[in-house]
Structure formats: structure tokens, C-alpha cells
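Notes for the one structure printed next.
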Amino acid sequence: MSNYKHILLAVDFYDNCSVVTARAKDLALKYQAKLSIIHVIDNLPLTDTGYGAEIPFNIDFTTELMANAKKQLAKLGEELAIKEDQQCLEMGSPKTEIIRVAEENKVDLIVVGSHGRHGLALLLGSTANGVLHHANCDVLAVRLQEN
Ligand code: AMP
């Protein structure tokens, strides 16, 4: 088995993400690897007026979203003893950003959560699925309990 040197933990901050976090932490300890975390603020249709209705989002909303996400990331970083420059907050498509950051930082293992999806989400493909199929490095999909 490879000796992982840099592990990237992708977190969405849902309640069940602690199991994914715990697994990434264990692996980083086991391999004495560097551990980084990433959260991606998903693209929002802030400027899309094609729906013909007022969209109740504005730039302040985005700023607030970024600030809250940054706080959550910093809290998790503190819990895991991860330095600020290894706490990555991005905006865009989670799958694309996770893969980009992993490649740019020579990550050799990405850890994500995975659950069985149904309906539209399955058709579109989940983040875990997207990362699994497009990343150049190993990907560990940690099974999440269905609620
Ligand atoms: P999903 O496929 O969207 O159900 O999410 C599966 C896993 O992908 C989550 O448990 C996270 O590890 C990761 N993930 C999903 N969304 C994000 C996000 N916005 N930022 C970082 N990681 C994410």
C-alpha cells in the first residue's frame, strides 16, 4: 500500500461529516502525512435572472456565506491541528475545486464521504462520484449512514 504524504479532507459540514473527518485524521496519523482540508461554496445562481423572478440573494449574502464557512473551517482546523494555510475555502463546483486543489498541492489521497443517492442527484452524479472518477490520485469514499 502507498505511503501517503499529503491527504486532502473534503468537508461539506453536514452533521454526518464527523465520520469522514475521523477517518482522514486516523490515516494522517498512520502515514505521518500532512493533512489539509477543503470546503467549497457551491455555485449559486446569484446573477441568473432567467427565471423571470427576483432572486433573494445579493452580494452580502455571499459575503456572509464565505464568513460562516471560514469560521467553520477554522474551527475544524483547530480541532485537527491543521494550520491556516492548509485550510482551503473555495467557491465553484465542489468536484472541480477539490480536484484542482488536490493537483496543485500534490495531494496523494482525497477523503470524501459517500452515500447512496437517488433520483436527480444520482443522475447528476454526486460530488464523491465526480471526485472518484476524475481525480489523478487515490480517493477514499467513507460510507455515510443514511438518515
Ligand atoms: P455528496 O456527493 O454531495 O453527497 O457529498 C459527498 C462528499 O463530498 C461529502 O461527504 C464531502 O466529503 C464532499 N463534499 C460535498 N460537497 C462538498 C463541498 N461543498 N465542499 C467540500 N466537500 C464537499
Discussion item. Between a residue in segment 60-83 that is more than 19 Å from ASP26 (Cα to Cα) and any residue that is of a type outside the set (Phe, Trp, Tyr) and in a helix (DSSP H, G or I), which pairs come within a Cβ distance under 9 Å, given they are 6 or more apart or on different chains?
Written reply: ALA74/GLU84
Discussion item. Please go through segment 125-147 and give me each residue that is open to solvent by less than 50 Å² (accessible area, probe 1.4 Å) and at pLDDT 90 or above, ordered by number.
Written reply: ALA128, GLY130, VAL131, ALA135, CYS137, VAL139, ALA141, VAL142
Fill in: Odd one out for LYS30 among (1) modelled with pLDDT under 95; (2) part of a helix (DSSP H, G or I)
(1)
Practice prompt. Mind listing whichever residues of segment 71-115 are near the ligand (Cβ under 9 Å from one of its atoms) and part of a helix (DSSP H, G or I)?
Written response: PRO94, LYS95, GLU97, ILE98
Worksheet item: Considering segment 1-32 alone, what residues qualify as being in contact with a Pro (Cβ under 8 Å, 6 or more places away or on another chain) and surrounded by 17 or more Cβ atoms within 10 Å (Cβ to Cβ)?
Response: ALA10
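The values are calculated or read from the model by the stated rules, or taken from the named source; none is laboratory data. For clarity, every value in this text was computed on a predicted model and none was experimentally measured. Cβ: placed from backbone, ideal geometry, glycine included. Neighbour counts: every protein chain shown. Calculation scope for accessible area: heavy atoms of the full protein, side chains included, ligands and nucleic acids excluded. Shrake-Rupley method; radii C 1.70, N 1.55, O 1.52, S 1.80 Å.
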